[in-house]
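The values are calculated or read from the model by the stated rules, or taken from the named source; none is laboratory data. Here the structure is a predicted model, which means the values were calculated and not measured. Neighbour counts are summed over all protein chains in view; Cβ atoms, including those assigned to glycine, are modelled from backbone coordinates with ideal geometry. Note: accessible area is taken over every heavy atom of the protein model, side chains too, but ligands, DNA and RNA are not part of it. Shrake-Rupley method; radii C 1.70, N 1.55, O 1.52, S 1.80 Å.
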Amino acid sequence: MDALPAHMRPERSFQGFILALQRFWAEQGCVILQPYDMEMGAGTFHPATTLRALGPKRWNAAYVQPSRRPKDGRYGENPNRMQHYYQFQVIMKPSPPNLQDLYLKSLAAIGIDSSLHDIRFVEDDWESPTLGAWGLGWECWCDGMEVSQFTYFQQVAGVECAPVAGELTYGLERLAMYVQGVDRVYDLNFNGRDGADKVTYGDVFLQAEQEYSRHNFEYADTTMLFEQFKMAEDACKKYLAAGWREGGNQKEHLMALPAYDQCIKASHVFNLLDARGVISVTERQSYIMRVRELAKACGDAWVHTEAGRAV
Amino acid sequence: MPDLLLELFSEEIPARMQAKAADDLRRMVTDKLVAEGLVYEGAKAFATPRRLALTVHGIPARQSDLKEERRGPRVGGPDAAIQGFLKATGLVRIEDAKIQTDPKKGDFYIALIEKPGRATIDVLAEILPVIIRTFPWPKSMRWGERSAKSGSLSWVRPLHSIIATFGPETEEPDVVKFSVDGIEAGQTTFGHRFMAPAAISVRRFEDYEAKLKAAKVVLDPQARKDIILADAKQLAFAQGFELVEDQVLLDEVAGLVEWPVALMGSFDEEFLSIPGEVIRATIRNNQKCFVVSDPKTGKLTNKFILTANIEAADGGKTIIGGNERVIRARLSDAKFFYETDLKTKLEARLPKFEQIVFHEKLGTQAERIKRIERLVAEIAPLVGADVEKAKRAAHLAKADLLTEVVGEFPELQGLMGKYYALAQGEDASVAAANEEHYKPQGPADRVPNDPLSVSVALADKIDTLVGFWAIDEKPTGSKDPYALRRAALGVIRLILENQLRVRITDLAASSYLWHLALINSQWRLFSYDGAEDSSQLIACDSIQDWSKYSERQLFVMYGRARSPHEGDDEIAFPDQPGGPFRWPKIKSLPRDMLSFFADRLKVQLRDQGARHDLVDAVFSLGGQDDLLLVVRRVEALGKFLDTDDGKNLLAGIKRASNILAIEEKKDKRAFDGAPDAGLYNLPEEKALANAIDQVKREAGAAVQKEDFATAMSAMAKLRPAVDAFFDKVKVNDDEPKVRENRLKLLNEIRAATRAVADFSKIEG
């Protein structure tokens, strides 16, 4: 790491920070993927996690995923709450016996020295009602701040994980703020340069936060969104139904991934409707159930595909 | 004798599960040992975030040999029986069995089975893996390569290594040989995750504990707590401050560290404008840090104490700095919430309660508040509270549930209401009632004594009890999801500790009326007084109106609810949301609830050392719904029964009751009614009759004045007359009329003493 130019050092630039994590996990044998090209609420929704966590095949991957939480928009006025932020996601299946050590080494790689910082694993049971998923693990604290989620998946999309995958999620902005020592996310140095060459996180994203907050809370077209939800739901079911084949002596599925895209879509549309405040408390539950049904059906299809089934 | 050392080393165990897990481990291992005939001298279990450890000392090295005689079939019995016997006992030939002669049944076979005791280490190798596999974690998980197969080990978090050694103090112990899911038991563990992560080889508990300490692990949770508490106090003291002690937080924090290091940080003084409780909740719940107060003012200072898990290279500067940043951000949020809350008046929040369901069958929170306001108006005069203020207090008491701060920290409900009420200029008592109406929360909680708080607290709890009683959600066995036992105990303590004279059944009846009357936020109680249609219904606005009518004349307008007819047990609500279901009748619910109160009171008095049979003796008089008087009667009765007069009178009354019970059974009739003075032919009869008259008069008058001690002394005067009567008079006289008259006289004794209690319910 010492060979890195100053502007690429993880404690100097946001992009250097991301690159350091990617390099670290690449060295552990992970495939480094690029973000999934769809809007989603968390990195867990990426098919590289949700679907690849299922089935017996080995799978080690890491990627950055922009996460959209329409309700968390604050018009750019809150120092650390945003409707769009980055998660760094690692999944290792089966979970290696030294996953905690690897995680701590990854912190060292981004400049968090465990002889100076107080790093703790504090109980946190993870559950995603929309994904029909749960796992046990911790939130990882660094000097009293939650910086990552660490989960051993037990069930995803209604399917028991066999073997279990370990999942790590880093809140990138928050960690980078800590490492760079800034209190406001928009003050993060994005490119590690100084003076006129310096680009901040605010330069890149502040306007987007303002515009999307307006959109999410005030103008998002709810008629269209209600329709989109229904369309995505129908399409998902249609692709799932169409994908089944009787292949040899076992059932096969040939369209789990396109069907799952529609599940991701439905979930994001629901989040937008929720932010617009047009879904009542009782309806809310039923929308969550509908997305979960899609996720479960996709999970069931996935374990009948080439990548999801045994051998 | 040899000792066992067991350690289960894993990834971080949730703090809240550690104490119970240590206890379970000790219990499971020692129970199994005892079941295997291995009685041990002592056992102790420990937990840290990464390990459960157990030491059991003084276990015999072997089980003792067992000798057993087993009786078999008779000699010459069927072959199948003999073969079965051989198989069951492990004998090779029947000739190996002894023959025993029984004079009645003839000869039969006896097998002598000798079961040699096994080495304890072998027994341990068998029981330990079973205990590990069946360990009762509240939640457990699978992990790693092996989780691909079914039947893989479940543990709270991944289990990495096991130490199991067994041997006498003076020798090198042996490893108990077993493996669980690929983990071989051995004698290796690891030190502190960051400060001493290397492997450590251990032999027995003494060197295990010492080597861990050298590797920066304090094994004993109590020792960790002691260190944290002492260091935190010292840090605060050094700056002239005082640690705000917090046992629950201390327990949790001790479960998050293996090597506790207390450090002090600070925050901006501007945050001290937030109420101290909010600062504390923020720092404690979110950051698991202690707060510090200034002994001069008794208020919080801008300091906090955190417990780190390492001795940092820079002495903790970085750690303190990081925690300060997080706490600053958290306190800014809290300050923002608090200041936002202050901008909205409490009553302006109330309309939102119309959308919030309290319970599907019991309506919205808004309806509940309306009912409590009605009920509190009836209670206030009984407890000396101002009616208008009490109504105002009840009106506002729940509003803080909708504030930002309470949303964030539910445990601050009530308290925030008080702050916000004061801030908007409410009367101090009205504001205090916001907080105090939730009290007492449990047997150890303080009982409020401001009449305003008392009236709202009673109304709140009675509304809850009556509502859940009406929809038949009473507590059963260990299930009490709505904490109704706690609510009833709260009512009892409010009444007794404030010496209140209220009738539980009246309050319950009122509350029930308001439940029935308030449907969809409309008051809809009408009397049915021969009305043919709704235009003839008379609105009832208060309990006084209601009580003028009989049950049959009352009904509730709700959808197609029908009027109850004489003999109906319930009121039907065909259209109620969540229905159709039936509610109990207005006059039966309070009676039913009173017996629940009687049970709770019994528990409460028994906990204070009173005799439960005395409570029964008072309640069995019937109609005892003034709890304060019940307790006074019980107290007077208890004192009286401690005297010789009391004991002897009780014996006399019991004797009279027994005779009566026998004769009543014999004649199949009761001997009630006044005895005929003309039939007395012995002086002792006349004396007893006179004494009864006098006692009735005096005790009756004393009871009227609620002077139970005097009533008891009056009753004591019966004793010589009763004693003399039993001494000299034969009850079962040959002349039937005289016998009947004497039995009636005995009945009078019983009747006279019922002025204070039913003595037949008293034991002894």
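Figures for the structure shown
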{"read-out": "For B:Lys696, solvent-accessible area (1.4 Å; no DNA, RNA or ligand), Å²", "value": "90 Å²"}
{"read-out": "Rounded accessible area of A:Trp134 (nearest 10 Å², 1.4 Å probe)", "value": "90 Å²"}
{"read-out": "Between 0 and 90°, nearest 10: helix A:99-109 axis offset from chain A longest Cα axis", "value": "40 degrees"}
{"read-out": "Largest-first ordering by accessible area, 1.4 Å probe, given options A:Arg184, B:Arg146", "value": "B:Arg146, A:Arg184"}
{"read-out": "Chymotrypsin sites (Phe, Trp or Tyr not before Pro) within the range B:169-218: DSSP coil, no more than 14 neighbouring Cβ in 10 Å", "value": "none"}
{"read-out": "Leading residue at positive end of dipole, the protein assembly as shown (Cβ point charges), from A:Ala162, A:Ile18, B:Pro260", "value": "A:Ala162"}
{"read-out": "Cβ charges +1 (Lys, Arg) and -1 (Asp, Glu), total dipole of the range B:67-115, debye", "value": "160 debye"}
{"read-out": "Mean separation of Cα contacts under 8 Å (6+ apart) over length of chain B, as relative contact order %", "value": "7 percent"}
{"read-out": "Computed label-point distance, nm, for sites B:Lys666 and B:Lys296 using a 7 Å Cα→Cβ extension", "value": "8.8 nm"}
{"read-out": "Net charge dipole size for the protein assembly as shown [Lys, Arg +1 and Asp, Glu -1 on Cβ; Debye, nearest 20]", "value": "1660 debye"}
{"read-out": "Peptide B:148-161 - average C-beta neighbours from other chains (10 Å radius)", "value": "3"}
{"read-out": "Peptide A:140-150, shielding by other chains (average Cβ, 10 Å cutoff)", "value": "5"}
{"read-out": "Rounded accessible area of B:Thr101 (nearest 10 Å², 1.4 Å probe)", "value": "100 Å²"}
{"read-out": "Selection from B:Thr165, A:Cys140, B:Val291 lying farthest towards where the dipole of the protein assembly as shown points positive, charges on Cβ", "value": "B:Thr165"}
{"read-out": "Accessible surface of the range B:200-277 [probe 1.4 Å, protein heavy atoms]: carbon and sulfur percent", "value": "53 percent"}
{"read-out": "Kirkwood Rh in Å, taken over all unlike Cα pairs in the protein assembly as shown", "value": "36.2 Å"}
{"read-out": "q = 0.22 Å⁻¹, the range B:67-115: log10 I(q)/I(0) [Debye, one scatterer per Cα]", "value": "-0.72"}
{"read-out": "Alpha-carbon centroids, the range B:704-764 and the range A:38-84: separation in whole Å", "value": "84 Å"}
{"read-out": "For chain B: rounded, prolate or oblate by the Cα gyration tensor [a/c cutoff 1.5]", "value": "oblate"}
{"read-out": "Phi-based couplings in Hz for the range A:132-144 (Karplus 6.51, -1.76, 1.60; Gly and Pro marked x)", "value": "x, 10, 8, x, 10, x, 9, 9, 9, 9, 10, 6, x"}
{"read-out": "Potential extension, A:Glu227-A:Arg23 segment - 0.36 nm per residue separation minus Cα distance", "value": "69.2 nm"}
{"read-out": "For the range B:613-698, average projected area of the Cα convex hull in nm²", "value": "7.5 nm²"}
{"read-out": "Helix A:222-243 axis, angle to chain A major axis (alpha carbon atoms, nearest 10°)", "value": "60 degrees"}
{"read-out": "Low-density loop cleavage sites - chymotrypsin sites (Phe, Trp or Tyr not before Pro) in the range A:217-299, where at most 12 other Cβ are within 10 Å (DSSP)", "value": "none"}
{"read-out": "Zone of B:Arg70's modelled label, taken as backbone nitrogen in the range B:106-127 under 13 Å from a point 7 Å along Cα→Cβ", "value": "B:110-115"}
{"read-out": "About the Cα centre, charge dipole magnitude for the range B:286-368 (Lys/Arg +1, Asp/Glu -1 at Cβ), debye", "value": "180 debye"}
{"read-out": "Where A meets B: accessible area buried, both sides, 1.4 Å probe, Å²", "value": "3200 Å²"}
{"read-out": "For the protein assembly as shown, with +1 on Lys and Arg beta carbons and -1 on Asp and Glu, the positive-most of B:Leu628, B:Val618, B:Phe271 along the dipole", "value": "B:Val618"}
{"read-out": "Average beta carbon contacts from partner chains per residue of A:20-28, 10 Å cutoff", "value": "0"}
{"read-out": "Highest average packing first - B:72-81, B:678-687, B:270-279, Cβ atoms within 10 Å", "value": "B:270-279, B:678-687, B:72-81"}
{"read-out": "DSSP-loop trypsin sites (Lys or Arg not before Pro) across the range B:257-324, with at most 16 other Cβ within 10 angstrom", "value": "B:Lys296"}
{"read-out": "Relative contact order of chain A, defined on C-alpha pairs under 8 angstrom at six or more residues apart (%)", "value": "21 percent"}
{"read-out": "Pairwise centroid distance, computed over Cα atoms, of the range B:607-634 with the range A:111-189, Å", "value": "58 Å"}
{"read-out": "Heavy-atom surface of the range A:221-302, accessible at 1.4 Å and reported per residue (Å²)", "value": "50 Å²"}
